[in-house]
Amino acid sequence: MHGVDSAQLRRDYQQDGVIRIREFLSLSEVAAVRAELDRYIREDLASRPADAATREADGTTVRNLWRLEQHCSFFRELADRQEIFDLVAPLLNGVPVLGGVETFNKPARIGSGVPYHQDNAYFCRTPPDMLTIWIAIDQVTAANGPIFFVKGSHHGGVLPTKPSGVRGNSIGLTAPSEVPLADQFCGLLNPGDATIHHCNTIHHSAPNTTDASRLGLLLVYHGQHVQTDPQLKAAYDVAVSLMPPA
């Protein structure tokens, strides 16, 4: 994160609801994250609660890892770095609180897509001062399922939702964005690069049908001042009951 212009990042974030930061992690840090994820899946995951992971359609391959900050001290320590808290505090309009550490693995050839959605349909926070730092562990290309973001969509609040039927992304928008794909922001990233997006920014991604995996590590933060929105939480609970764990 050397040389980051915090004031410009804040202006861009407030305007667009998504920003990109090159070299958020160094390549050595990326290698350490990859090694720890491999170790965690191999050695620890079987002993964790059933809702610590979501699997792909084959029932075996990991799609998502959830609540890593609770299950693995390595990821809690990574997400608790002071320089990250200092970076996100102005974006959250208050004191940052770690909300979670997750992965989207998007494995080669079988990685499933993600429907159009807003994260706050899952987070259920008001005011919506919550964000996700999405860090590329693998290279994210135009072919292996990059995330597309609809710039400025966070200004419109939480839109109507419906259960999506997608395990790991149980809530989608009732209607997809009308913004053409060519006009959306495509999160193409090198390993170590990151995007930061607002919890109300509309985004989605296609399945990964390539031979290259698209592993991402997600750090989620919210302002200390936010509360749970009961209406959003009620809709989330319905969706989870139809398609657990999330």
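The values are calculated or read from the model by the stated rules, or taken from the named source; none is laboratory data. Please read these numbers as outputs of a predicted model, since none were measured by experiment. Backbone-built Cβ (ideal geometry, glycine too); neighbour counts: all protein chains shown.
Things worth noting here:
- Hits in region 129-143 (condition: outside any loop (DSSP other than H, G, I, E, B) and either among the aliphatic types (A, V, I, L, M) or over 18 Å from Leu217 (Cβ atoms) (or both)): Met130, Leu131, Ile133, Ile135, Ala136, Val140
- The C-beta contact set for region 2-21 (first residue over 22 Å from Asn120 (Cβ atoms), second residue modelled with pLDDT of 95 or more and surrounded by fewer than 18 Cβ atoms within 10 Å (Cβ to Cβ), distance under 7 angstrom, 6+ apart or interchain) comprises Ser6/Pro90.
- In summary, strands (runs of 3 or more DSSP E) completely within region 35-128 and bearing 2 or more residues that are under 26 Å from Gln231 (Cβ atoms) occur at 96-104, 114-117.
- Checking each residue in region 166-209 for being outside any loop (DSSP other than H, G, I, E, B) and over 16 Å from the mean Cα position of the chain (by Cα) picks out Leu173, Leu181, Ala182, Asp183, Asn208.
- Hits in region 56-84 (condition: of a type in the set (D, E, K, R), surrounded by fewer than 18 Cβ atoms within 10 Å (Cβ to Cβ) and touching a residue at least 40 places away in the same chain (Cβ under 8 Å)): Asp58, Glu83
- Checking each residue in region 122-146 for being in contact with a Cys (Cβ under 9 Å, 6 or more places away or on another chain), closer than 16 Å to Gly99 by Cα and modelled with pLDDT of 95 or more picks out Phe123, Arg125, Pro128, Asp129, Met130, Leu131, Thr132.
- Tally of residues being among the polar types (S, T, N, Q), loosely packed, with under 15 Cβ neighbours inside 10 Å and touching a Gly at 6+ places or on another chain (Cβ under 7 Å) across region 16-55: 1
- The set of residues in region 144-165 being closer than 17 Å to Tyr122 by Cβ and assigned to a helix (DSSP H, G or I) consists of Ser153, His154.
- Restricting attention to region 1-34, the residues that are in a loop (DSSP other than H, G, I, E, B) and touching a His at 6+ places or on another chain (Cβ under 7 Å) add up to 1.
- Which listed residue is out of contact with any strand residue (DSSP E or B) (no Cβ under 9 Å at 6 or more places or on another chain), within 24 Å of Leu181 (Cα to Cα) and not small (Gly, Ala, Ser), from Val166, Val158: Val158
- Qualifying residue in region 201-215 (condition: exposed (fewer than 15 other Cβ atoms within 10 Å of the Cβ), acidic (Asp, Glu) and without any contact (Cβ under 8 Å) to a residue 40 or more places away in the chain): no
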